[in-house]
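The block underneath contains the structure these notes are about, expressed in structure tokens.
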Amino acid sequence: VLQIVKESQQQHGLRHGDFQRYRGYCSRRLRRLRKTLNFKMGNRHKFTGKKVTEEILSDNRYLLLILMDAERAWSYAMQLKQEANTEPRKRFHLLSRLRKAVKHAEELERLCESNRVDAKTKLEAQAYMAYLTGMLRFEHQEWKAAMEAFNKCKTIYEKLANAFTEEQAVLYNQRVEEISPNIRYCAYNIGDQSAMNELMQMRLRSGGTEGLLAEKLEALITQTRAKQAATMSEVEWRGRTVPVKIDKVRIFLLGLADNEAAIAQAENEETKERLFESLLSECRDAIQAVREELKPDQKQREHSLENDSGKVSNIQYLHSYLTYIKLSTAIKRNESMAKSLQKALLQQQRSDEDGKRSPRPQDLIRLYDIILQNLVELTQLPGLEEDKNFQKEIGLKTLVYKAYRCFFIAQSYVLVKKWSEALVLYERVLKYAREVQSGAGAHRNSLKELPDVQELITQVNAEKYSLQAAAILDANDPHETESPSQVKDGKPLSERFETFCLDPSLVSKQVSLVHFPPGFQPIPCKPLFFDLALNHVAFPPLEDKVEQKAKSGLTGYIKGIFGFKS
């Protein structure tokens, strides 16, 4: 049962979450099965209901009829669940379809109790029935009944996985992983507080590869936070307490610490990048919700600014706090990407790899440009213009990232052998680093998360000596003096066949073979002919050869009528 269901789902839409396409496939397959088995429900004019009984189970396709009925009802329910986010009334239709799917699953389980069905199919039918029952109870928020059904399904699939080979056990283990978040969420709603931590660990282990499982975990975690958000009423930031009345903002702030902890515990860069994107997306939604509250409060905010001599309103300060979180998260994300690129650069220097595009210092420069732009936006947040400590911290962070940006610009100049420019930039890096060390003082705690400046100074000093040595060797390199065989005069290959010349551009993509487009060449003009003799020729008279025109008039007309001829 499970193998048929999974193969059909993966091949007909559920790989991309398209439940409507899968429902259409189930309907078409049902029609084909009924036609093949001659098991039609009446004709065009009259419906005659038929039921599959044990007596007609001569072909396993009769069981497929009921299975496809259940799958069609389930896929329609999942389609309605997606649409119910914007149209809540569709939830009633969703529950009706799930009940229909459970009814078909019960019929399948009853038929599989026949002696004609093997033990494996009987167990799978029971597990399928338990899974759909658990889904229905889960939507009804009957947590205890849903948990019992899911546990029964999980137990059956685990036993089946242990009873067969590893290849066959993969499907059963995948279904167990899909059910586990629902079981933990039911346990949390029943009263098990440790279930939330297990949900977060499952989210980390999913790693972004299991699309449906990751979406389900996100939805379950959001529902859990929504229940906790009812107890949250205010937030404190930089010595000021601000009330939080917007539910979406409460949910986001409650999950902020968990998201940051999950990012810190991420095992690989791909998982970390996915978590960063998820956090930034939630933050943008929260900021949008605050902006909608800011629009009707515009006049009150302006009045508050006049009366409080520049002090921003609570909703505006909350907006600044959320913007600070968004920009800080973007900086951490770009810094994480910069670290991974630096590792890739080091590996590239040790072993050159062909095939894929290798990272370059220019990629890092772009990342640090974005970080510096984010720091500039941080200094312009409303309500923080007069916070000297905050401005000092941002200034020190700006110097650190400027130092790293200058370092990688110098590295890019080294690659093209611009020694003097690279040396000047290395000196600029040392200048920024010394400014950071001299001004750190009371702000050392805020600089702990930043890249180590002392390590950068050590690396720059080493690079300076390497650069000076490379510049001296480059100036004294005998290969740089061009020999006659290496002189290139700019002529294309078609004009220097007689001269041997070592031209590396001949094996490149911009080879010069001929002048194109070719140059203009002079050609003779088309001659013009003038007939000058015509003006001096006297033509002979032709009067004797021209016939005299007959006289016409009334006389000629009368003669013509009576047949007289002149």
Original post:
Taking the Cα centre of region 383-474 as origin and charging only Cβ (+1 Lys, Arg; -1 Asp, Glu), how large is the dipole, in debye to the nearest 20?
Top reply: 160
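Which order do THR86, THR398 take when ranked by solvent-accessible area (1.4 Å probe, heavy atoms of all protein chains), largest first?
Descending order: THR86, THR398.
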**OP:** Subtract the Cα-Cα distance of SER508 and LYS245 from 0.36 nm times their separation in residues, and report this length gain in nm to one decimal.
**Re:** 88.2 nm
**OP:** Would you mind checking which residues have amide H under 5 Å from TRP237's amide H? H placed 1.01 Å from N; only 5 or more apart, or other chain.
**Re:** VAL242
Subject >> Surface accessible to a 1.4 Å probe, per residue, for the residues of region 383-474, Å² >> reply: 56
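Please list ARG89, ARG175 in order of solvent-accessible area, largest first, computed with a 1.4 Å probe with all protein chains present.
ARG89, ARG175
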**OP:** For SER438 and GLU87, calculate 0.36 nm times their separation in residues minus their Cα-Cα distance, and state this gained length in nm to one decimal.
**Re:** 120.4 nm
Original post:
What is the gain in length, in nm to one decimal, between GLU498 and ASP59 on full extension, counting 0.36 nm per residue of separation less the C-alpha to C-alpha distance?
Top reply: 149.5 nm
**OP:** Sort 532-544, 179-191, 364-376 for me by packing, meaning the mean count of neighbouring Cβ atoms within 10 Å per residue, highest on top.
**Re:** 179-191, 364-376, 532-544
Subject >> Ordering of 165-173, 63-71 by packing [mean C-beta count within 10 Å, highest first] >> reply: 63-71, 165-173
**OP:** Report, to the nearest whole %, how much of the accessible area of region 383-474 belongs to carbon and sulfur atoms, 1.4 Å probe, protein only.
**Re:** 51
**OP:** On the protein heavy atoms, probe 1.4 angstrom, tell me the percent of accessible surface of region 41-116 carried by carbon and sulfur.
**Re:** 47
**OP:** Would you mind computing, in nm to one decimal, how far apart the modelled labels at ARG34 and THR155 are, each placed 7 Å from Cα along Cα→Cβ?
**Re:** 3.8
Original post:
Accessible area per residue, 1.4 Å probe, Å², for region 31-179: what's the number?
Top reply: 59
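The values are calculated or read from the model by the stated rules, or taken from the named source; none is laboratory data. Computed from a predicted model, the values in this text were never measured in an experiment. All Cβ positions, even for glycine, are placed from backbone atoms using ideal geometry, and neighbour counts span all protein chains on display. For the accessible areas, the whole protein counts, side chains as well, though only heavy atoms, and no ligand, DNA or RNA atoms are used. Shrake-Rupley method; radii C 1.70, N 1.55, O 1.52, S 1.80 Å.
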